[in-house]
1. Which whole number gives the average, over all residues in A:139-145, of C-beta atoms from other chains lying within 10 Å of the residue C-beta?
2. By count of other Cβ within 10 Å, fewest leading, how are B:HIS248, B:HIS270 ordered?
3. For region B:234-293 and region B:353-429, write down the distance between their C-alpha centroids in whole Å.
4. Which of the helices in chain A meet the span-like rule: DSSP H, Cα axial reach of 27 Å or more, Kyte-Doolittle mean at least 1.0?
5. Sort A:THR118, B:THR294, B:THR91, B:THR355 so the one with the fewest other Cβ atoms within 10 Å of its own Cβ comes first.
6. So between B:ILE311 and B:GLU24, what do we pick up on full extension, going 0.36 nm a residue minus the alpha carbon distance?
7. Extent of region B:240-324 along each principal axis, from alpha carbon coordinates, in Å, largest to smallest?
8. Taking all pairs of different Cα atoms in region B:329-418, averaging 1/r and flipping that mean, what Kirkwood radius in angstroms comes out?
Amino acid sequence: MSFELSEKAKKEIERELGRYPVKDSALLPVFWIVHNERGCVDDEAVEYIAGLFDFSAAKVLGVLSFYWMLRRKSAGKYVISLCKNISCYLREYENILTHLQDLLKVQVGETTKDGVFTLQLAECLGSCGTAPMMMVNNRYYEDLTRERVTELVEGWRKEAMTNGK
Amino acid sequence: MREHKKILTANLDDPESHTLKSYEAHGGYKAFQKALKEMTPEEIIEEMKKSGLRGRGGAGFPTGLKWSFMDKKSPKPKYLVNNSDESEPGTFKDRLLMERNTHQMLEGMIIAAYALDVHLAFVYIRGEYTSCIENTERAVEEAKEKGYLGKNILGTGFDLEIIVYKGAGAYICGDETGMLSSLEGKRGYPKVKPPFPAIQGLFGCPTVVNNTETLATVPWILQNGSDTYAKIGPEKSPGTRLFCVSGHVKKPGVYELEMGSPLMELINDHCGGMQNGSRLKGIIPGGPSVPILTAEECDKAILDFDSMKEIGSHLGSGGVIVFGEEACMVRSLLVLTEFFADESCGQCTPCREGTGWAVKLLHPFVEGKGELPDLDLLMDVADRMKFRTVCTLADAAASPIESFIIKYRKEFEDHIANGGCASHSQTQN
């Protein structure tokens, strides 16, 4: 498969490349543009981005791998990041974790066979007053209970079935 | 309940508080007009010094002094970076400001930029904070349309552009030099100081990095006067502070209190006390980078920078994490130590190795296979990673290890004797 971005993404990249006093600053924003469009920054994307900046692929990979939110391989349609840090621990996020594992039939780090859900744990997401919480793609879901999680997961399942993956 | 002055949260009852319209209706965007039209940069810096405002990111460094260090004679461009990479566990106050009081933060940035001769400023927001990023981008657009940002602001000849920069998930980018590395398109490695950013910061140019809450306080000080601000709270730690309370309290959340308030006033009066009638076991008063306080210490703890230091902790990030009797302190320490191990950037050996080994040493205690000499070994590991690294992450990681083992040693010993966690509700693992 050849690497191709949408016209919209190309335009956004063009804007970022000319936006900063030093072009290198555009690297993180370019990662995000590619990530938003492809769901990850894979090896082809790394080569492409290295070309934009005249960096080696190794340099690009070095920066890319520093940040947990940037994936190098595509994941499920809904990436569930459940917070495991102290405030969520005190508010028993582990009950939510076992519930999610039961509902999705996956372990942490895995994607469901139908490709709809990926389950992962995250460090503090700054939602400690409303713990336990999870980030799904880029939205926060707070004050979680088992019931609410069931509802949410069912809703996403339905949505994935109607809209396709 | 005792009344507290509100500097940062006065108008947050308004559901539209994040909009320019609401902010102006409540008297916003007057301070920067006064600054740009009636004050010199030197006068503003002097006001900030006199106010006694200390940085709200964690270190509590005097803001006016930081601004005065900016190398004004440098022929290079100068930069301002708003540190909105709030990632200290238990801390969610800057999020509140970005979501609900966005323009007060921007107004503070405009004033700071004018005082520091900055024409390009950045808001570096952690990538996870989508709503904050969207709000701040919208607020920047609103301010541009109104002529508060851009070229020749209010006809004064002052130009300022603000760029919202989205992080991608790394605790260490909240360190000011880690943040600069990240902004430069590199791995977020902290840099050796000196040179300090005020001399050689972003792209090698003079740079000031300020926390979001600090910047949001600036308009109030200019509008109401440094004297008025300096009179709130203790002399050396004036003003109000946003405290983020989480854990085993009835009403967790962000509370704005005057500095110098008793910690237990925050917990009992504002947060409604402990949840489910639980008994207090301890409180981390400023994010896990600072030592925990036992219940007895909490009774005498006062919320300001110097009082906290006197009882052996720090005010830190304002992240107040409350542990009830049901909390397992052994498991809690593992949770925190795993965090620091995950977030160590790996640049310095004592931190990279120390945090990793601490996790390996703690696991057996949680699993009920801990051995007594390993407690001393853990203390030794903590001691050996402190003060030997480029940034303070290693010192931060040592802080819970030392304070938990010293103050809750019996719980660790009980885990050895009982083959795991016998007396607490959270016994998985």
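1. So the per-residue partner count for this stretch is 1.
2. Result, fewest neighbours first: B:HIS270, B:HIS248.
3. Region B:234-293 and region B:353-429 have Cα centres separated by 25 Å.
4. none
5. Lowest count first: B:THR294, A:THR118, B:THR355, B:THR91.
6. Taking 0.36 nm per residue and subtracting the Cα distance, the gain is 99.1 nm.
7. That gives 33, 23, 20 Å along the principal axes, largest extent first.
8. Result for region B:329-418 stands at 12.7 Å.
Any read-out appearing in this document is the output of simple, stated calculations on the displayed coordinates, not a laboratory observation. In this text the structure is predicted, and so the values were computed from the model without any measurement. Cβ: placed from backbone, ideal geometry, glycine included. Neighbour counts: every protein chain shown.
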